[in-house]
Amino acid sequence: MEYILIIISAIFVNNILLSQFMGICPFLGVSNKLSTAVGMSGAVCFVITLATLVTYLFQYYVLVPLGIEFMQTIAFILIIAALVQMVEIVLKKVSPALYQALGIFLPLITTNCAVLGVALMVVTNEFSYGGEPHMLNLGESVVFAFATSLGFGLAMILFAGLREQIALNKVPKVFKGIPIALVTASILAMAFMGFSGLV
Amino acid sequence: MIMAVQSSFKNMTLCLFAVCIVSSALLAAVYAVTKEPIEAAEHAKTVSAIAQVVPEFDGEPVSDTIEVAGKKYPYYAVSKGGQPVGYAITTSASGYGGAVTLMVGITADRVIYNTTVLSQAETPGLGAKCTEPEFADQFKNWNPAEKALKVKKDGGDVDAITASTITSRAYALAVETAVMVYDALAGQVPADGVTGATNTEAGTESDAAEAGVMETDKGE
Amino acid sequence: MGKFQLITKGLVKENPTFVLLLGMCPTLATTTSAINGMSMGLATLFVLVLSNMAISATAPYIPDKVRIPAYIVIIAAFVTILQFIMQAFTPDIYKTLGLFIPLIVVNCIVLGRAEAFANKNSVVDSACDGIGIGLGFTIALTILGLVRELLGSGSAFGYKFIDGDGILVFVLAPGAFMALAYLIVLFKKLTAKKDE
């Protein structure tokens, strides 16, 4: 039951893009076309889940036992950077087709604040899903990370679809580009507000 | 312009290693320097929160934790001139945007003196209003024996924040939990004039504790 | 370019928020009030100036291929130092800004300035560039925070002058996107007139 609540909460209620504002750069940057939005979402999904798993283990099996939690930020960003590199190398060797689809987005992901954001969130925040507020355990953290990245993908793909439509319409000159995209994002965020209170 | 360093494997490893070592050393140094101020700031915050929720006291508040119904609650016992004044109890409940954590002060006569919010992530302008006196002040001098700690919608006496019933409910529940913890505490310390038996759950626990004390007495 | 121009170009011509559109995450997330926006801006300014100086000083000794990881470590170190300082002296602001303080590490403005400016310019010039861009970011965040606070809760810098509530949606997520969109448009209009 708790897992279902985590998933609904992370995808709809506390959508990482539309209510937490993490990962806005790719949200605005690569959402011009539906196909690139799908590629980016896939890459982010993969990296967020993997990175959260590794950083969670690192936090509780290395940083906490050694009493050096203050190295958290440095350690996490290094782990993420290294992971992204490794994923890139492995993907190139193992599945050239998948690399073709996701490869160009991978370098951009290191500085996507959603990745570091989710990794930090699961080791610093207490979550409550109906019951008592508590820190997430390993299983919950991975589910949370995966669901969050699904939420990222959902918002990203919806937004790209909207932007493809808007590109065909006449827009006042000063609103062209980012401003009209932001207005669209605002309306999309309003729609997502309808989910609030669900969990 | 100086010629750039060659990107040989040796250079790259050495460079990254050096950067990491220097950064870590710098961090450790700053950590050592700021450790005390950070602890002092946290301590000052707790003390000011305690001072807000309990009547005047002297000496340092005694901090401890108590386990009630399988959950640990941190609390602070304060006294004046050797006489116990009351407890400041930390409890939390699930609000709209996450946990609402309160410090609840309960005096020796089982009346809530005051409450303060330690942390919350409620919606600004809606649930976040639980930190404002318009809502929070209703819990001042609240006697849980006379008024029910539930929002009016649920048949209690708590005035909910407009359009934020969930937050108000969480706040009331956290205060109610604090009363339960208080009852457990009052049962542990045999204080005169305090009956810890009003809350059934805590009552049985304190009865058991008292029985245990008597048994050991006999054994000796 | 003089030192003065280095500082002023970040305010209008290369304003990181309104013109370069960088660092959007903290811009949208932390501007629920003018004070919060300003605090976030100043925190970023602190990291930006120090990391710019450190990177400018060390750039000649860092091999080209590993420069990005090296920069990230340097930036992360300064961010952690900032975390310590804020925890010790401004714990309330630290708590309000929450995760977005450690997330300065991945703010594109900081890494962007390291790549685009600091690694090819002198330490003093890099510091000036950091101050300029950082101030531009701070001003933008303060304005956005002020607009959202005025409309959303009827107050400015915590000083309330309207009884009751404002247009609540401006404090919430959709209002952040909307307010930023209109501010960018306004900024475009104003700077376009200046050029004529």
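Name the single residue that is surrounded by the most Cβ atoms within 10 Å (Cβ to Cβ) among those in segment B:119-142 being acidic (Asp, Glu) and not in a helix (DSSP H, G or I). Talk me through it step by step, then tell me what you get.
So in segment B:119-142, the residues acidic (Asp, Glu) come out as B:122, B:132, B:134, B:137.
Next cut, not in a helix (DSSP H, G or I) only: B:122, B:132.
Working: B:GLU122: 23, B:GLU132: 11.
For segment B:119-142, the residue satisfying everything is B:GLU122.
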_Index of the failed condition, C:THR30 passing every other in (1) more than 9 Å from chain B (Cβ to nearest Cβ); (2) open to solvent by 20 Å² or more (accessible area, probe 1.4 Å); (3) under 23 Å from C:GLY132 (Cα atoms)_ = (2)
*Report yes if C:ASP125 is in contact with a helix residue (DSSP H, G or I) (Cβ under 8 Å, 6 or more places away or on another chain), open to solvent by less than 20 Å² (accessible area, probe 1.4 Å) and among the charged types (D, E, K, R), otherwise no.*
no
_Which pairs turn up if I take residues in segment A:155-167 that are free of Cβ contacts under 8 Å to residues at least 40 places away in the same chain and look for partners that are of a type in the set (Ser, Thr, Tyr) and crowded, with 16+ Cβ neighbours inside 10 Å with beta carbon separation below 7 Å, at least 6 apart in sequence or on another chain?_
A:LEU162/A:THR184; A:ILE166/A:THR184
*Kindly indicate whether A:ALA37 is under 23 Å from A:SER95 (Cα atoms), open to solvent by less than 20 Å² (accessible area, probe 1.4 Å) and of a type outside the set (D, E, K, R).*
yes
*Which residues, counting only those in segment A:141-172, are of a type in the set (S, T, N, Q) and either open to solvent by less than 70 Å² (accessible area, probe 1.4 Å) or closer than 30 Å to A:TYR60 by Cβ (or both)?*
A:SER141, A:THR148, A:SER149
*Mind listing just one residue for me: the one in segment A:188-199 that is at pLDDT 85 or above and at the interface with another protein chain (Cβ under 7 Å from one of its Cβ atoms) and, of those, most open to solvent (accessible area, probe 1.4 Å)?*
A:MET190
*Only one of these is more than 13 Å from every other protein chain (Cβ to nearest Cβ) and under 17 Å from A:LEU53 (Cβ atoms): A:GLY153, A:GLY161, A:GLY139, A:GLY117. Name it.*
A:GLY139
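Scan segment A:95-115 and give yes if some residue there is among the aromatic types (Phe, Trp, Tyr), in a helix (DSSP H, G or I) and surrounded by fewer than 24 Cβ atoms within 10 Å (Cβ to Cβ), otherwise no. Even if it seems obvious, please write down each step before you answer.
Restricting attention to segment A:95-115, the residues satisfying the condition of being among the aromatic types (Phe, Trp, Tyr) are A:99, A:105.
Pick out the ones that are also in a helix (DSSP H, G or I) and you get A:99, A:105.
Going one step further and asking which of them are surrounded by fewer than 24 Cβ atoms within 10 Å (Cβ to Cβ), we end up with A:99, A:105.
Yes; the residues of segment A:95-115 include at least one that is among the aromatic types (Phe, Trp, Tyr), in a helix (DSSP H, G or I) and surrounded by fewer than 24 Cβ atoms within 10 Å (Cβ to Cβ).
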*Regarding B:PRO55, is this residue more than 15 Å from the chain's Cα centre (by Cα) and modelled with pLDDT of 80 or more?*
yes
*Scan of segment C:155-196 for residues that are over 23 Å from the mean Cα position of the chain (by Cα) and more than 10 Å from every other protein chain (Cβ to nearest Cβ), ordered by number*: C:TYR159, C:LYS160, C:PHE161, C:ILE162, C:ASP163, C:GLY164, C:LYS193, C:LYS194, C:ASP195, C:GLU196
*On the given criteria, is B:GLU42 within 14 Å of chain C (Cβ to nearest Cβ), out of contact with any Gly (no Cβ under 7 Å at 6 or more places or on another chain) and among the acidic types (Asp, Glu)?*
yes
*Tally, over segment C:96-117, of residues that are surrounded by fewer than 24 Cβ atoms within 10 Å (Cβ to Cβ), out of contact with any Pro (no Cβ under 9 Å at 6 or more places or on another chain) and more than 7 Å from every other protein chain (Cβ to nearest Cβ)*: 5
*With the checklist (1) open to solvent by 50 Å² or more (accessible area, probe 1.4 Å); (2) of a type in the set (Gly, Ala, Ser); (3) at the interface with another protein chain (Cβ under 8 Å from one of its Cβ atoms) in hand, flag the one item C:ALA57 doesn't pass.*
(3)
_within 19 Å of C:ILE68 (Cβ to Cβ) and either at pLDDT 80 or above or in a helix (DSSP H, G or I) (or both): is that true of A:PHE70 in this structure?_
no
*Since A:PHE175 meets every condition but one in (1) closer than 21 Å to A:ASN15 by Cβ; (2) open to solvent by 30 Å² or more (accessible area, probe 1.4 Å); (3) within 11 Å of chain C (Cβ to nearest Cβ), which condition does it not meet?*
(1)
_Just to be sure I understand, how many residues within segment B:113-172 are within 14 Å of chain C (Cβ to nearest Cβ), β-branched (Val, Ile, Thr) and farther than 22 Å from A:ASN125 by Cα?_
2
*Enumerate the pairs (first residue in segment B:7-32 and facing another protein chain (nearest Cβ under 7 Å); second residue anywhere and aromatic (Phe, Trp, Tyr) and part of a helix (DSSP H, G or I)) with beta-carbon separation below 8 Å, excluding pairs fewer than 6 apart on the same chain, so at least 6 apart or on different chains.*
B:CYS15/C:TYR61; B:LEU27/A:PHE70; B:VAL30/C:PHE84; B:TYR31/A:PHE70; B:TYR31/C:PHE84
*asked:* Given the options C:LEU42, C:LEU22, name the one that is in a loop (DSSP other than H, G, I, E, B), in contact with a helix residue (DSSP H, G or I) (Cβ under 9 Å, 6 or more places away or on another chain) and touching a residue at least 40 places away in the same chain (Cβ under 8 Å).
replied: C:LEU22
*Mind checking whether some residue in segment A:58-76 is over 30 Å from B:ALA29 (Cα atoms), in contact with an Asp or Glu (Cβ under 6 Å, 6 or more places away or on another chain) and either away from chain B (no Cβ under 14 Å) or open to solvent by less than 20 Å² (accessible area, probe 1.4 Å) (or both)?*
no
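Is it the case, given these coordinates, that B:LYS71 is modelled with pLDDT under 85 and facing another protein chain (nearest Cβ under 10 Å)? It would help to see each step written out before you state the result.
Details: modelled with pLDDT under 85: yes; facing another protein chain (nearest Cβ under 10 Å): yes.
For B:LYS71, the condition - modelled with pLDDT under 85 and facing another protein chain (nearest Cβ under 10 Å) - is met.
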_Against the conditions (1) out of contact with any Phe, Trp or Tyr (no Cβ under 6 Å at 6 or more places or on another chain); (2) in a helix (DSSP H, G or I); (3) at pLDDT 85 or above, where does B:ILE50 fall short? Just the number, please._
(1)
*Do we have any residue at all in segment B:87-99 that's part of a helix (DSSP H, G or I), modelled with pLDDT under 90 and among the aliphatic types (A, V, I, L, M)?*
no
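For segment A:2-23, enumerate the residues that are assigned to a helix (DSSP H, G or I) and in contact (Cβ under 8 Å) with a residue 24 or more places away in the chain.
Of all residues in segment A:2-23, those assigned to a helix (DSSP H, G or I) come to A:2-13.
Within segment A:2-23, A:GLU2, A:TYR3, A:LEU5, A:ILE6, A:ILE7, A:ILE8, A:SER9, A:ALA10, A:ILE11, A:PHE12, A:VAL13 meet the criteria.
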*Hey, among the residues in segment C:1-24 that are away from chain A (no Cβ under 14 Å) and among the hydrophobic types (A, V, I, L, M, F, W, C), which one's least open to solvent (accessible area, probe 1.4 Å)?*
C:LEU6
*Do we find that B:TYR96 is open to solvent by 20 Å² or more (accessible area, probe 1.4 Å) and more than 14 Å from chain A (Cβ to nearest Cβ) in this structure?*
no
*Could we say that B:GLY125 is within 15 Å of B:LEU173 (Cβ to Cβ) and without any contact (Cβ under 8 Å) to a residue 60 or more places away in the chain here?*
no
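The values are calculated or read from the model by the stated rules, or taken from the named source; none is laboratory data. All figures in this text were calculated on a predicted structure; none of them were measured in a lab. So basically every Cβ, Gly included, is an ideal-geometry build from the backbone, and we count neighbours across all protein chains shown. Heads up: the accessible areas ignore ligands, DNA and RNA and are worked out on the full protein's heavy atoms, side chains in. Shrake-Rupley method; radii C 1.70, N 1.55, O 1.52, S 1.80 Å.
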